[in-house]
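Since the structure comes first, as C-alpha cells, the remarks are kept for the end.
Each value in this text was obtained by applying a stated rule to the coordinates, not by laboratory testing. Predicted, not measured: the structure shown is a model, and the values here were computed from it. Quick reminder, even Gly has a Cβ in these numbers, built from the backbone with ideal geometry, and neighbours come from all protein chains shown.
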Amino acid sequence: MKRLSSFLVALILTLATSLSVPAYAGGKPEARESATERGRVRAPLNLAVLIQDDLVARVGNELKLTREFIRALPEGSRVMVGYITSGSLQVRQPFTSNLEDAAQALRIPAATTAVSPYNPYVEVIEALRTFDAQGGQPNALLLISDGLDTSRGADYASAVNTIDLHRAIRVAKERNVAIYSFYAPSVGLTSFSRLATTAGQSALNRLSQETGGRAFFQGTSFVSFNPYFEQLRRTLNDRYAPVS
C-alpha cells in the first residue's frame, strides 16, 4: 500500500509539472497558418535532433513534420541529426547550415528491441559535446525519446534519478544547451507499462526543465508531433526572438 501511495503521488506531480499540449482548434487564429508558418522559428540557432531508434513504428509517420520544421528554420541555423541506438550515437548528419541535407538525413526508426540503447542519456551526453559552448547563437537539442533509464532499477524513484541523467544535465549546462524533448513510447517497456511511461516522461521533464528547455507530452498517450512542434516554435520564439 505504501508503494502504491508513493506511485500515485509521483504520478500526480508528473501530470502537474508536464506541459499540457492543447488540441488544435480550427477556430483559433493559429489554425489558419500554413504548416510552414506554424513551424517557423524567427531566430537562427544550432539545433541537434536526436531520435531514439527503438521508438514505435508510428513515429516514422512524424518525419514529414520534422523535416518541415528543420527546413523552416531561419538562415544561419545549423542542424545535426543523430539516432540513439544500441549503445552508440549514430550521426546521420553532422552540424550543417544546409537545412535540406539535414532534413533528408532523417530516417524511419528501426522500431525493434535489437537496437534499444542501454539508456538514452549516454548518447545525449555524446551529442552535447559536439556543441560549442561559446558559439554566437543559441544552442538547442531536440530529444525524441521515451526517456526511460532503468540502469539503476525499474522503479519510479530510480528511473528519474540516474547517474547518466544527472551527467546529461551537467554537460548541457556546461555547453549552454537547452534540451527540448518530445515523448514517444519505445517498443519496450513504455509501450505497455504506464509506470514505465510515467517514469520516462518525468525524466524527460527533469532533463528539459533543468537545462532551460521544455518537455512536450500529453497524458501517457502519443498521437502526433504536430501540436508539439507548434508549441516548440512558440517557445523558441518567446525565448530567443521576443516580439518588441
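Couple of notes before you dig in:
- Inside the stretch 62-87, residues that are touching a residue at least 24 places away in the same chain (Cβ under 8 Å) and farther than 12 Å from R107 by Cβ make up a count of 18.
- Looking across the stretch 198-211 at every residue that is of a type outside the set (A, V, I, L, M) and touching a strand residue (DSSP E or B) at 6+ places or on another chain (Cβ under 8 Å), the one that is surrounded by the fewest Cβ atoms within 10 Å (Cβ to Cβ) is identified as Q209.
- Residue pairs meeting the criteria (Cβ under 8 Å; at least 6 apart or on separate chains; first under 13 Å from I51 (Cα atoms), in the stretch 110-121; second surrounded by fewer than 17 Cβ atoms within 10 Å (Cβ to Cβ) and hydrophobic (A, V, I, L, M, F, W, C)): A111/A57
- Selected residue (criterion: surrounded by the most Cβ atoms within 10 Å (Cβ to Cβ)) from residues of the stretch 86-104 that are over 18 Å from the mean Cα position of the chain (by Cα) and part of a helix (DSSP H, G or I): L99
- If you go through the stretch 118-138 and keep only what is among the small types (G, A, S) and either assigned to a helix (DSSP H, G or I) or surrounded by 24 or more Cβ atoms within 10 Å (Cβ to Cβ) (or both), you end up with just A127.
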